[in-house]
Amino acid sequence: MAYAKTSIGRGCCKVSKKQKRISKLASFCFVLTEILVLAAVLILPATDVVEIKKWPQMIIIIILSIHVLMQLWELKVFIKPDSGEKFSLTVQGSHERKKSRHQTSMYGVTVSNEVRVDYDRNAQGILVYFRKVTSSSKTGLYCQPFLLPFRGWFTFFHVIIALTLMIALIHPVHESDKRPLVLPILIFVSLILQIPVVASSYYEAEDCGFCIPLGYAYTRWFKHTNAYTEMIQQNIQEKHGQHLQQEGEQLELAIRRNALRTLDNFSIA
């Protein structure tokens, strides 16, 4: 059974450009320190301080390669941003329909356990934003993460690195008993450094998602806003704000009445 979900949102909180720059700088410092610590783990066998098994060395080399690749990609995006991205202007009303959590995609077919319509309430009454336009509109939900930019996978990569370091901390990676605490301490330090990197990556993430072979995929397309969208939103609110608020309250009341009626019918049955 495969499960796939696609959403449009702005994450846990709205982040300014200044906060993003600070987050990127802090993340870079933590990653650089972690790279140095992991490099020290690879150097230790050459100094005869400890003897490390072959598989942890390969895993550490892979982690270092992923870290370096992501930092080089961040540098590339900073020096030469992608000018081929396309966006569409979207106006969201007081309520946004969301897919029921009781729906599941199995082998490309969406099945629902119950007939139910859920809505997310927009506290501002109206929201104007840009949404990134993908190159293909016929891609299935499970393959949506492959339409994301490469940076959209960074949060997932950082989580995988943190889980790998956690497993390496629990599982013994040294072959001899000479100074047995050296390696666990270095791996523990790497794990502690990786935790703020994961938090920072999620904090600044825009279009993001992941897909795993076990049959689970998630994609979040970001709501991009700027001075232009804020101006349009303000003009619409000034002209139609009161009317939109009344319609939103009426729709909210209708949703609650329908929910109560559904519960009553369920109780009677």
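Laboratory data are not the source of any read-out in this text; all were calculated from the coordinates shown. This is a predicted model, so every value here is computed, not measured. Methodologically, a virtual Cβ is constructed for each residue, glycine included, from the backbone with ideal geometry; neighbour enumeration extends over all protein chains shown.
Observations on the structure shown:
- Formal net charge of residues neighbouring S88 (Cβ-Cβ distance under 15 Å; K, R +1; D, E -1): +2
- Highest average packing first - 229-236, 157-164, Cβ atoms within 10 Å: 157-164, 229-236
- For the listed peptides 33-45, 195-207, a ranking on the average number of other beta carbons within 10 Å per residue, highest first, reads 195-207, 33-45.
- Förster radius 45 Å - calculated FRET efficiency between K17 and E51 (Cβ-Cβ, nearest 0.05): 0.40
- Taking packing as the residue-averaged number of other Cβ atoms within 10 angstrom, the listed peptides 183-192, 64-73 run from highest to lowest as 183-192, 64-73.
- Close amide H pairs (under 5 Å, H built 1.01 Å from N) link K5 with A217, Y218, T219, residues at least 5 positions away or on another chain.
- Here the gap between L25 and H224, fully extended at 0.36 nm per residue and compared with their Cα-Cα distance, gives a gain of 69.5 nm.
- The modelled label-to-label distance between F78 and N258, using points 7 Å beyond Cα along the C-beta direction, is 4.9 nm.
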